[in-house]
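What follows draws every value from the coordinates through simple rules; no lab data is involved. Quick caveat: nothing in here was measured; it's all calculated off a predicted structure. In this analysis, Cβ positions are derived from the backbone assuming ideal geometry, glycine residues included, and neighbour counts consider all displayed protein chains.
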Amino acid sequence: MVVPEQVTPIEILLVEDNPGDVRLTMEALKEAKVINNLTVLKDGAEALAFLHRQGQYAKAPRPHLILLDLNLPKKDGREVLADIKADPTLRRIPVVVLTTSQDEQDVYKSYNLHANCFITKPVDLEQFVKVVRSIEDFWLGIVVLPVNGRG
């Protein structure tokens, strides 16, 4: 008798305040070949509380991948990225900056803060879905992600 493998869902944290972009990202990930759980947070302060497991997020799952917008309320994405990469328990989590910004300084600053990649969101809906699918294909299909906070 063959026992099926236990599949652990990939935990994805999407930090995005634009409801349209959230909906498109959710739709693209819904069609994923990889089983995933998506948590959506709308501002940087909430994202940091989630990542540091504070308050209502005390039992929050540790994400395997973070999709981070730069232009967020309360704490912007640059501050969130700096905090993540400065924390030894969080720094190994890959952070994909997914933003409308095309500012070269944002690109440099994101990489200086150790973003794993920087992607400018296309304005065309079809292209946006393609971008999310390519993120999914690469980060959830090809890359080996750390599955826990040890090490």
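List the relative contact order of the chain as a percent without decimals, with contacts defined as Cα pairs under 8 Å and 6+ residues apart. Before the final figure, lay out each step's value.
Numbers: 224 pairs, mean separation 35.4, N = 151.
Normalised by residue count, the contact order of the chain is 23 percent.
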Whats the longest run of the chain with zero trypsin sites (Lys or Arg not before Pro) that are DSSP loop and have at most 12 other Cβ atoms within 10 Å?
-> 92-149
Direction-averaged shadow area of the convex hull around the Cα atoms of region 74-151, nm²?
-> 6.1
Could you give me the ³J(HN,Hα) list for region 13-27, computed from phi with Karplus coefficients 6.51, -1.76, 1.60 and θ = phi - 60°, whole Hz, x at Gly and Pro?
-> 10, 9, 10, 8, 9, 8, x, x, 5, 4, 4, 5, 5, 4, 5
How many nm is it between the label spots at R91 and V107, if each spot is 7 Å from the Cα in line with the beta carbon?
-> 2.6
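Relative to the present Cα-Cα distance, how much length would full extension add between Q56 and H114 at 0.36 nm per residue of separation?
On the way: separation 58, 0.36 × 58 = 20.88 nm, distance 2.81 nm.
Extra length available between Q56 and H114 comes to 18.1 nm.
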